[in-house]
Amino acid sequence: MLLEQLGAPIPALPVLLLAGAKAIEDPLYGVYALASSVLACTIGDLAWFWAGRRYGYGVLKLLCRVSISPDSCVRQTETTYERRGVATLVVAKFVPGLATVAPPVAGALGLKTSSFLLYNGAGAVLWSGTGLGLGLLFHGQIDWLLERLTDLGGHALLVVAMLLGLYMSYRLWDRRRFLKTLRTARIGVDELYEMMNRGEDPLVLDVRSRTHRALDGRSIPGARTVDLDNLESTLAQIPRDREVVVYCACPNEASAVKVAILLRERGIRRVRPLAGGMDAWVAAGLRIDDSVVER
């Protein structure tokens, strides 16, 4: 449980199922399992919460970069947090990718430690209790599976290792497939800056989430903020013959590429993601706006 909460790609739910099945014989074992699971979740999540509180955006960027699953990009968590607020912590563990990222997002946004422990603890109890309850409910099937594994003897470890290997291979393949979709025409920050100086007036779209913009506080001068939940209204205002540049703050420009693809599918052909996003613009020493204005 602790390893999974710290970010290791290890599915912990089977452990809860086994513990729930064992609790059918010894109810006190189920109580110990629930307490141990909640404690492990609290320790792991609190570490990420404090890291988010101390390092803010840097921790979120690290998590998005090292995540084995593209679906767990920080953008997803920020958007969910914007919609549901602190209640996100209660349901986070049921959503792949959300469990690890939600605590540092809460810390970066300045949530009180007491509130974090309350809501995150409720989520840990709900998630752990659900896993144990399913183990109790399907204890017969789980016992049958354990007996079959026992019959296999040493081969059982090989079977488990193969299943885990297949799981990891799928996750890695899914990530590679996702990254492959990012191989599209990009524009560099120097080229964009030159276009601005030549008076070509490219339309620059900032597709970072509202949460991320609030945490960062910087933007490219003249950029128009875009809410992906209201993308259609933005599309209606973009001339089909205008050069459009989209930027975000995700590694590999993931969110920017997704928006660029959507725009192209809707007939806006001259659209390109900004290579390196906001970080590349800042690293190049170019002028920035210190406050983000929602447009």
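Listing for the model above:
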item: Around Thr113: net Lys/Arg minus Asp/Glu count, Cβ-Cβ under 12 Å; result: +1
item: Extension gain (nm, one decimal) between Glu232 and Leu137, 0.36 nm per residue minus Cα-Cα; result: 29.6 nm
item: Environment charge at Asp201 (Cβ cut-off 11 Å; Lys +1, Arg +1, Asp -1, Glu -1); result: 0
item: Whole-Hz ³J(HN,Hα) from phi, Karplus 6.51 cos²θ - 1.76 cosθ + 1.60, for segment 117-126, glycine and proline x; result: 4, 5, 6, 5, x, 4, x, 5, 5, 5
item: Per-residue HN-Hα couplings for segment 90-95 [Karplus 6.51, -1.76, 1.60; θ = phi - 60°; Hz; x = Gly/Pro]; result: 6, 9, 4, 5, 8, 10
item: Inter-site label distance for Asp190 and Val95 at 7 Å from Cα along Cβ, in nm; result: 4.0
item: Placed amide H near Val271: partners under 5 Å, 5+ positions off or other chain; result: Val244
item: Note, ³J(HN,Hα) from phi for segment 188-199, Karplus 6.51, -1.76, 1.60, rounded to Hz, x at Gly and Pro; result: x, 5, 5, 5, 4, 5, 5, 4, 5, 5, 7, x
item: Long-range amide H partners of Val204 with built H, under 5 Å; result: Arg224, Val245
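Where a number appears in this text, it was derived from the coordinates with a stated rule and is not lab data. What you see is a predicted model, and the numbers here were worked out from it, not measured in a lab. Positions of Cβ are backbone-derived with ideal geometry, glycine not excepted, and every protein chain shown enters the neighbour counts.
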